[in-house]
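Q: Below: one structure in structure tokens.
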Amino acid sequence: MNHNRVVVTGLGAITPVGNDVPTFWNNICNGVSGIGPITRFDTTDHKAKLAAEVKGFDPLTCFPSVPEARRADLYTQYAMAAACEAMADSGLIGQCDPTRVGVYIGSGIGGMNTFVAETLKLHDRGPSRVSPLFIPMMISNMAAGAVSIRFGLKGPTLPAVTACATSSNTIGEAYRAIKHGYADAIVAGGAEATITPLAVAGFVNCKALSESTDPAVASLPFDARRAGFVMGEGAAILILENYDHAVARGAKIYAEITGYGNTADAYHMTSPDPSAEGASAAIRLAVDEAGLTPADAAAVYVNAHGTGTSLNDKTETVALKAVFGANAYDLHISSTKSMTGHMLGATGAVEAVASVLALRDGVVPPTIHLEVPDPDCDLDYTPGCARKVELRAAVSTSLGFGGHNACLVFSKI
């Protein structure tokens with residue numbers, strides 16, 4: 001059976017280190033951190049004081065009016081801004097059959113800001129004061145719906161909700177839809193906006209967040225001092241397209257997506273399986289589909305899930321060793337969460353953007369503030385500074401609450 005090749009033809013991003021792709025990538029390569037004190041609410045009574053907030057975001061760059069922007073939760077605003085950048089970058093508008101273009105944009109939590117605001121209205125002012133827009137603004141599929149409406153895209157549209165693996169799954173499932181002929185192109189990615197008192201308190205109380213007050217030692221993937229992740233927010237979008245369709249219209253091609261793995265731990269609500277059986281299976285599925293072998297490791301970049309939690313980083317290291325064997329020590333690995341924080345449902349897409357650009361430029365971004373090696377995390381995590389490397393492929397891993405594992409492989413074209 002013949003399968004379509006699938007390529008990346010557009011990128012968009014709203015992140016804690018830049019509200020467009022060039023700014024994001026420049027800051028990531030230069031080790032600029034987006035982590036700082038929370039400004040969205042008073043943290044006096046909260047144990048977690050830091051987050052990686054999006055800064056200087058103006059929804060009117062992607063919505064035609066203030067009333068229209070106000071009818072979208074912040075997570076949808078972020079998704080729309082990233083989608084507008086990606087669509088403009090791709091040149092796809094007017095060059096496609098809209099019934100053959102889909103939208104796969106997911107969110108781990110959805111409209112948390114709307115949920116909290118309307119819950120407080122109900123409590124303080126009664127049911128009659130709850131907004132009629134509460135449900136459509138809050139639900140997790142609305143970013144996909146809004147982008148579909150904006151661009152008139154009528155092809156397969158399927159958000160995913162798999163916690164921190166969400167947008168790696170949306171990209172992977174979009175890849176499969178194009179590969180098997182169900183669409184010519186798909187707008188794929190994720191968005192999240194959960195820096196609220198309720199979400200921060202919830203993550204703290206389940207022992208997931210760093211309680212450090214120093215941004216330099218808060219998000220410490222693979223470092224022996226790590227003690228939880230820092231919450232981030234934002235969105236990222238990739239335009240995935242049938243290779244032949246892209247070539248026929250003269251599109252710019254960033255990279256080819258060549259592998260995808262999707263598995264479950266079936267182990268615990270929040271903790272990864274320490275054996276790394278599920279995570280390693282997802283990585284193995286993706287790299288096998290991409291045609292990579294352990295001998296290729298020296299030309300492979302791994303954008304690790306690398307949350308900075310004790311169990312995740314150790315388990316992910318075990319998984320990479322299980323797949324690449326002794327050659328795992330030749331991999332070029334980093335966690336961009338050391339700069340962006342953990343963007344939850346958006347993190348897989350943001351890290352996919354970083355992976356694609358790493359391939360394009362032959363640059364491995366750093367894991368900043370990695371200064372105290374952990375004996376259990378003994379691979380090359382690119383501490384401190386970016387490196388120039390001739391890369392053949394980039395592997396991006398995402399491991400979510402509920403035991404969801406997703407892995408993407410991008411190849412140089």
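Q: Among the numbered criteria (1) open to solvent by 10 Å² or more (accessible area, probe 1.4 Å); (2) farther than 18 Å from residue 359 by Cβ; (3) at pLDDT 95 or above; (4) of a type outside the set (Asp, Glu), which one does residue 270 miss?
A: Unmet for residue 270, out of (1) open to solvent by 10 Å² or more (accessible area, probe 1.4 Å); (2) farther than 18 Å from residue 359 by Cβ; (3) at pLDDT 95 or above; (4) of a type outside the set (Asp, Glu): (3).
Q: With respect to residue 224, is the statement that it is open to solvent by less than 50 Å² (accessible area, probe 1.4 Å) and either closer than 30 Å to residue 37 by Cβ or of a type in the set (A, V, I, L, M, F, W, C) (or both) true?
A: It is false that residue 224 is open to solvent by less than 50 Å² (accessible area, probe 1.4 Å) and either closer than 30 Å to residue 37 by Cβ or of a type in the set (A, V, I, L, M, F, W, C) (or both).
Q: Specify which of the listed residues (325, 341, 348, 384) is under 21 Å from residue 23 (Cα atoms), open to solvent by less than 50 Å² (accessible area, probe 1.4 Å) and over 18 Å from the mean Cα position of the chain (by Cα).
A: Going through 325, 341, 348, 384 in turn, just one is under 21 Å from residue 23 (Cα atoms), open to solvent by less than 50 Å² (accessible area, probe 1.4 Å) and over 18 Å from the mean Cα position of the chain (by Cα): 384.
Q: For the condition of a type in the set (Val, Ile, Thr) and more than 16 Å from residue 75 (Cα to Cα), what is the one hit in 139, 135, 171?
A: On inspection, the qualifying residue turns out to be 171.
Q: Still on this structure, please answer the following. Determine, yes or no, whether residue 144 is at pLDDT 95 or above and either buried (at least 24 other Cβ atoms within 10 Å of the Cβ) or out of contact with any helix residue (DSSP H, G or I) (no Cβ under 9 Å at 6 or more places or on another chain) (or both).
A: yes
Q: Looking only at region 88-106, count every residue that is crowded, with 21+ Cβ neighbours inside 10 Å and of a type in the set (A, V, I, L, M) and tell me the total.
A: The total comes to 4.
Q: Please give the helices (runs of 4 or more DSSP H) falling wholly within region 1-94 in which 1 or more residues are free of Cβ contacts under 8 Å to residues at least 60 places away in the same chain, hydrophobic (A, V, I, L, M, F, W, C) and in contact with a Gly (Cβ under 8 Å, 6 or more places away or on another chain).
A: So the answer is none; nothing clears 1.
Q: Output the qualifying pairs, or none if there are none: Cβ atoms under 8 angstrom, residues six or more apart or on different chains, first residue in region 179-191 and over 28 Å from residue 74 (Cβ atoms), second residue part of a strand (DSSP E or B) and acidic (Asp, Glu).
A: 184/241
Q: Here's something else I'd like to know. Could you tell me whether residue 75 is within 26 Å of residue 248 (Cβ to Cβ) and open to solvent by less than 40 Å² (accessible area, probe 1.4 Å)?
A: no
Q: Got a sec? Which of 135, 109 is in a loop (DSSP other than H, G, I, E, B) and at pLDDT 95 or above?
A: Of 135, 109, the one residue that is in a loop (DSSP other than H, G, I, E, B) and at pLDDT 95 or above is 109.
Residue-by-condition table, conditions (1) crowded, with 17+ Cβ neighbours inside 10 Å; (2) more than 18 Å from the chain's Cα centre (by Cα); (3) closer than 20 Å to residue 347 by Cβ; (4) not aliphatic (A, V, I, L, M):
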{"site": "8", "(1), (2), (3), (4)": "yes, no, yes, no"}
{"site": "11", "(1), (2), (3), (4)": "yes, no, yes, no"}
{"site": "16", "(1), (2), (3), (4)": "yes, no, yes, yes"}
{"site": "25", "(1), (2), (3), (4)": "yes, no, yes, yes"}
{"site": "33", "(1), (2), (3), (4)": "yes, no, yes, yes"}
{"site": "37", "(1), (2), (3), (4)": "no, yes, no, yes"}
{"site": "41", "(1), (2), (3), (4)": "no, yes, no, yes"}
{"site": "44", "(1), (2), (3), (4)": "no, yes, no, yes"}
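Q: Additional query: Which residues, taken from region 354-396, are more than 24 Å from residue 216 (Cα to Cα) and among the β-branched types (Val, Ile, Thr)?
A: Scanning region 354-396 gives 356, 389, 395.
Q: While we're here: Select from region 396-413 the residues that are crowded, with 19+ Cβ neighbours inside 10 Å, among the aliphatic types (A, V, I, L, M) and either assigned to a loop (DSSP other than H, G, I, E, B) or more than 13 Å from the chain's Cα centre (by Cα) (or both) and list them in ascending order.
A: 409
Q: For residue 328, are the conditions met, namely being touching a residue at least 24 places away in the same chain (Cβ under 8 Å) and either in contact with a helix residue (DSSP H, G or I) (Cβ under 9 Å, 6 or more places away or on another chain) or under 30 Å from residue 3 (Cβ atoms) (or both)?
A: Yes: the conditions hold for residue 328.
Q: Of everything in region 193-220 that's part of a helix (DSSP H, G or I) and among the hydrophobic types (A, V, I, L, M, F, W, C), which residue is most open to solvent (accessible area, probe 1.4 Å)?
A: Out of the qualifying residues, it is 198.
Q: Report yes if residue 148 is among the polar types (S, T, N, Q) and either in contact with a Leu (Cβ under 6 Å, 6 or more places away or on another chain) or closer than 23 Å to residue 69 by Cα (or both), otherwise no.
A: When the stated conditions are applied, residue 148 passes them.
Q: What are the residue pairs meeting all of these: first residue in region 229-250, first residue under 28 Å from residue 108 (Cβ atoms) and in contact (Cβ under 8 Å) with a residue 12 or more places away in the chain, second residue part of a helix (DSSP H, G or I) and of a type in the set (D, E, K, R), Cβ atoms under 9 Å, and 6 or more apart or on different chains?
A: Note: pairs meeting the criteria are 229/337; 230/337; 232/337; 236/351; 237/85; 239/89.
The values are calculated or read from the model by the stated rules, or taken from the named source; none is laboratory data. On a predicted model such as this, the values are computed, not experimentally measured, just so you know. Ideal geometry is used to build each Cβ from the backbone, glycine not excepted, and the neighbour counts take in all protein chains shown. When the accessible area is computed, the model is the full protein with side chains, heavy atoms only, and any ligands, DNA or RNA have been set aside. Shrake-Rupley method; radii C 1.70, N 1.55, O 1.52, S 1.80 Å.
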